[in-house]
Amino acid sequence: MYQVVRKLFFTDCKCAEDASSKTYQELFDKLDTNKDGKVDVSELKAGLAAMRIKTAAGAAQKIISSGDQDKDDGLDFNEFTKYLKEHEKKLRLTFKSLDKNNDGRVDFMEIKQSLADLGLDISKEEAEKILQSIDVDGTMTLDWNEWREHFLFNPATSLQEIIRYWKHSTVLDIGDSLAIPDEFTEEEKTTGLWWKQLSAGAMAGAVSRTGTAPLDRMKVFMQVHASKSNKISLVGGFKQMLKEGGLTSLWRGNGINVLKIAPETAIKFMAYEQYKKLLASEPGKVKTHERFMAGSLAGATAQTAIYPMEVMKTRLTLRKTGQYSGMFDCVKKILKKEGVKAFYKGYIPNILGIIPYAGIDLAVYESLKNLWLSRYAKDTANPGILVLLGCGTISSTCGQLASYPLALIRTRMQAQASIEGSEQLSMNLMVKKIVEKEGFFGLYRGILPNFMKVIPAVSISYVVYEYMRSGLGIQK
């Protein structure tokens, strides 16, 4: 409970700006247990635990890192005071932005409205859960002291930081670009933080895709070549690839797969912002179904623009040694042999796949989020990294399951002309042929390596994203 901090820190000051040096000194002395004139991570952790202040994992380290100007792995009194004063200013601004009616208190409806403004629609019960996790006196409203006490020793400086955990983020990259784009606040747009976050996400996707490229190549290989008569196992497939082109052949097609992240992300984000304005029934407020429609249309727009790169990725992934000398050679040969229309083969199943993927991905994520909030959100509304990764992984996997047959048809159509003696079939005829010859599960060829890459892809992209956020100054 926060009564110790209330007595020690808050009773002597009417507001954050008037906090006296004496009050800061008392708190500093209480935390500096070895009396060496600085508070390090272990002292901060022990001190907060002794005062029964609950903090997120890694909070103590983030506080020390944020305030440690001389890089001596601890905060002296001046650094400690400066950190608290700056942190309180940010908390004050956030509290004011939440307090919609300016009555000095925040209720659950104001939390619900603030989250809705940031693209996160939650129920009345979920808003009450979040409020209860911060409310100390049980009044179901928050005053400034309660807000400050809860977040004073938590590096989350704003509501945006808190709900970053619960916004359905495309940072968790699994190699498929069919998800709804990220939502950014007005503050993030005006300060330019949005492009830093997009850059961090793009870098995370690039590293993640490179790390899981061998499994991605195996998926495409099995989608195109595997059948009842030609059963390709994972081990057998890798042996075949290594024998044909050596170790580096496992990364064929990865260059173009990484290269298309940046233009697709940028187009999708810009289109999403425009579609939201067009579809919003009320200016400045976008409802859940309108957000989904805007996201799906933005995804379709981006896919249309970069689709030739998708075709090139499939061709380069499946190429034999010496078939193409590089990306430009691939473009040149496709244009010469098949013409411009070859770059849009498989376009229809690809666009159709956006709806089931994005819809199921979002629906499952929302269900898992609601389940966690209803069962476990007793002391905090922050789920932590493992819950976030778990929800993202499961929802993305469910989305893939729904759209996988369309992805397989797209890949086969993209690859048709590069396979000798292959018929040039339309989408309907190809579905019919696969079901007739291989049964329904023929539409799921290659799904094992696809599933195998989900957990490493999500983990790599999350870790790289966090490092990039720190490096770009989005968070310290």
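The values are calculated or read from the model by the stated rules, or taken from the named source; none is laboratory data. If you're wondering where the values come from, they're calculated on a predicted model, not measured in any experiment. Cβ: placed from backbone, ideal geometry, glycine included. Neighbour counts: every protein chain shown. Side chains included, ligands, DNA and RNA excluded: accessible areas come from the protein's heavy atoms. Shrake-Rupley method; radii C 1.70, N 1.55, O 1.52, S 1.80 Å.
Got a number for the accessible area of S296? Probe 1.4 Å, square angstrom, nearest 10.
Probe radius 1.4 Å; accessible area of S296 about 10 Å².
Estimate the FRET efficiency between L352 and Q323 by the formula 1/(1 + (r/R0)^6), using the beta-carbon distance for r and 30 Å for R0, to the nearest 0.05.
0.50
For the stretch 72-140, which whole-number percentage of the solvent-accessible area (1.4 Å probe, protein heavy atoms only) is attributable to carbon and sulfur atoms?
Carbon and sulfur together cover 49 percent of it.
Over the stretch 310-431, what is the relative contact order in percent, taking alpha-carbon pairs closer than 8 angstrom and at least six residues apart?
This gives 35 percent for the stretch 310-431.
Only Cα pairs under 8 Å and at least 6 apart count here; give the relative contact order of the stretch 31-86 as a rounded whole percent.
36 percent
Filter K243/K336; K30/K85; K82/K124 down to the pairs with a C-alpha to C-alpha distance above 26 Å, please.
Violating the 26 Å limit, Cα to Cα: K243/K336; K82/K124.
Leaving out ligands and nucleic acids, note down the accessible area per residue over the stretch 427-476 with a 1.4 angstrom probe, in whole Å².
54 Å²
How big is the stretch 437-476 by the Kirkwood estimate over distinct Cα pairs, in Å?
One over the average 1/r among Cα pairs gives 12.6 Å for the stretch 437-476.
What nm distance separates the two modelled labels at K341 and F77, each placed 7 Å from Cα along Cα→Cβ?
My value for the distance between the label points is 8.1 nm.
Cα centroid distance between the stretch 264-306 and the stretch 386-445, in Å?
Computed from Cα coordinates, the inter-centre distance equals 26 Å.
With contacts defined as alpha carbon pairs under 8 Å and 6 or more residues apart, what's the relative contact order of the stretch 239-381 in percent?
About 25 percent, as a whole number.
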